[in-house]
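Here the structure is laid out as structure tokens; the discussion comes afterwards.
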Amino acid sequence: NQLTPQDQRDGWILLFDGKTTAGWMNSDETAPRTAMIDGALNPHKAGHYMLVHTQQWENFVLSLDFKISQRCNTGIFVRTYSLKPRPGRDVGFNGLEIAIDDTTSAGLHDTGALYDLVKPTRNAMKPAGEWNHIEVRCDGSRIEVSLNGEKVTRADLAEFTEKNKRPDGTPHKFDTAFRDHPRRGYIGLQDHGSPCWFKNIKLKPLP
């Protein structure tokens, strides 16, 4: 949970100090109720839908390490433009989720997917209990995900021109035309009912 001198020269910003929840809050803007374990942030039972970094970001590369428990289902949210849920929706509908799940398949809800929108080319996650490294790049309309050194997902939100529909015409769950989704928002770590751990969380803003 530290930046190297090269990280600093390259413009990386450390988002988690490894010791406290400084800079983080629950998605209902309350203080997190979570303990630091071995320098990792665990959103499970922190108090709301997800742990959220208090700053909003637009174009960036997010880099972190994560580990999940068995049968865990969680995710990394980016560009969550509002923390106030719309009627009948949870706050996750306001953002974009990079799925993390204890599976070995490579579908729309498996690790590395842009949840329910774009499948990863393969599931490059290590088994539950082992640390993984993930990078999420948000640059304009383009979202890219690299998992353990492999670029597994590429998406261009400009191609999502209709609500509830992917570019190939198949349906998805979101009543959003993602071409028009706000480009600026919060980063979040989801609590979906199981322990999971995140550390070495850093971000590099892009022009």
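Does at least one position in segment 91-109 carry a residue that is open to solvent by less than 10 Å² (accessible area, probe 1.4 Å), out of contact with any Cys (no Cβ under 9 Å at 6 or more places or on another chain), under 15 Å from residue 150 (Cβ atoms) and modelled with pLDDT of 95 or more?
Restricting attention to segment 91-109, the residues satisfying the condition of being open to solvent by less than 10 Å² (accessible area, probe 1.4 Å) are 91-92, 94-96, 98-100.
In the following step, the residues that additionally are out of contact with any Cys (no Cβ under 9 Å at 6 or more places or on another chain) were identified as 91-92, 94-95, 98-99.
Next, from what is left, pick out any that are under 15 Å from residue 150 (Cβ atoms): 98.
Imposing the further condition that a residue be modelled with pLDDT of 95 or more reduces the set to 98.
Scanning segment 91-109, I find at least one residue that is open to solvent by less than 10 Å² (accessible area, probe 1.4 Å), out of contact with any Cys (no Cβ under 9 Å at 6 or more places or on another chain), under 15 Å from residue 150 (Cβ atoms) and modelled with pLDDT of 95 or more, so the answer is yes.
Answer yes if at least one residue in segment 189-203 is open to solvent by 20 Å² or more (accessible area, probe 1.4 Å), among the basic types (Lys, Arg), at negative phi and within 14 Å of the chain's Cα centre (by Cα), and no otherwise.
yes
Looking at segment 39-56 only, could you name the residues that are in contact (Cβ under 8 Å) with a residue 24 or more places away in the chain and either more than 14 Å from the chain's Cα centre (by Cα) or open to solvent by 40 Å² or more (accessible area, probe 1.4 Å) (or both)?
Taking segment 39-56 as the starting set, the residues that turn out to be in contact (Cβ under 8 Å) with a residue 24 or more places away in the chain are 39-46, 48-56.
Residues satisfying the conditions are 39, 40, 44, 45, 46, 48, 49, 54, 55, 56.
For segment 169-184, check the following and say yes or no: at least one residue is open to solvent by 80 Å² or more (accessible area, probe 1.4 Å), in contact with a Gly (Cβ under 9 Å, 6 or more places away or on another chain) and at pLDDT 95 or above.
Step one: of segment 169-184, the residues open to solvent by 80 Å² or more (accessible area, probe 1.4 Å) are 171, 173, 179-180, 183-184.
Restricting the remaining residues to those that are in contact with a Gly (Cβ under 9 Å, 6 or more places away or on another chain) gives 183.
Still in the list and also at pLDDT 95 or above: 183.
Yes, some residue in segment 169-184 is open to solvent by 80 Å² or more (accessible area, probe 1.4 Å), in contact with a Gly (Cβ under 9 Å, 6 or more places away or on another chain) and at pLDDT 95 or above.
Go through segment 151-183 residue by residue and tally those that are of a type in the set (D, E, K, R), touching a helix residue (DSSP H, G or I) at 6+ places or on another chain (Cβ under 8 Å) and either closer than 22 Å to residue 106 by Cβ or assigned to a strand (DSSP E or B) (or both).
Counting residues in segment 151-183 that are of a type in the set (D, E, K, R), touching a helix residue (DSSP H, G or I) at 6+ places or on another chain (Cβ under 8 Å) and either closer than 22 Å to residue 106 by Cβ or assigned to a strand (DSSP E or B) (or both) gives 1.
If a residue must be open to solvent by less than 40 Å² (accessible area, probe 1.4 Å) and out of contact with any helix residue (DSSP H, G or I) (no Cβ under 9 Å at 6 or more places or on another chain), how many such residues does segment 81-90 contain? Show your work before the answer.
First, pick out the residues of segment 81-90 that are open to solvent by less than 40 Å² (accessible area, probe 1.4 Å): 82-83.
Next cut, out of contact with any helix residue (DSSP H, G or I) (no Cβ under 9 Å at 6 or more places or on another chain) only: none.
Total meeting the criteria: 0.
Output yes when any residue across segment 57-80 is surrounded by fewer than 19 Cβ atoms within 10 Å (Cβ to Cβ), within 27 Å of residue 206 (Cα to Cα) and either in contact with a helix residue (DSSP H, G or I) (Cβ under 7 Å, 6 or more places away or on another chain) or of a type in the set (Ser, Thr, Tyr) (or both), and no when none is.
The answer is no, given that none of the residues of segment 57-80 is surrounded by fewer than 19 Cβ atoms within 10 Å (Cβ to Cβ), within 27 Å of residue 206 (Cα to Cα) and either in contact with a helix residue (DSSP H, G or I) (Cβ under 7 Å, 6 or more places away or on another chain) or of a type in the set (Ser, Thr, Tyr) (or both).
Give the residue that is surrounded by the fewest Cβ atoms within 10 Å (Cβ to Cβ), with candidates limited to residues of segment 149-168 that are closer than 14 Å to residue 120 by Cα and without any contact (Cβ under 8 Å) to a residue 40 or more places away in the chain. Steps first, please.
If we filter segment 149-168 for residues that are closer than 14 Å to residue 120 by Cα, which is where we start, we get 149-156.
Retained after the next criterion (residues that are without any contact (Cβ under 8 Å) to a residue 40 or more places away in the chain): 149-151, 154, 156.
Numbers: 149: 9, 150: 13, 151: 15, 154: 14, 156: 15.
In this case the residue turns out to be 149.
Among the candidates 24, 12, single out the residue that is under 18 Å from residue 76 (Cα atoms) and under 20 Å from the mean Cα position of the chain (by Cα).
24
The values are calculated or read from the model by the stated rules, or taken from the named source; none is laboratory data. The structure presented is a predicted model; accordingly, all values stated were derived computationally and were not measured. Ideal geometry is used to build each Cβ from the backbone, glycine not excepted, and the neighbour counts take in all protein chains shown. These accessible areas exclude ligands, DNA and RNA; they are computed on the full protein's heavy atoms, side chains included. Shrake-Rupley method; radii C 1.70, N 1.55, O 1.52, S 1.80 Å.
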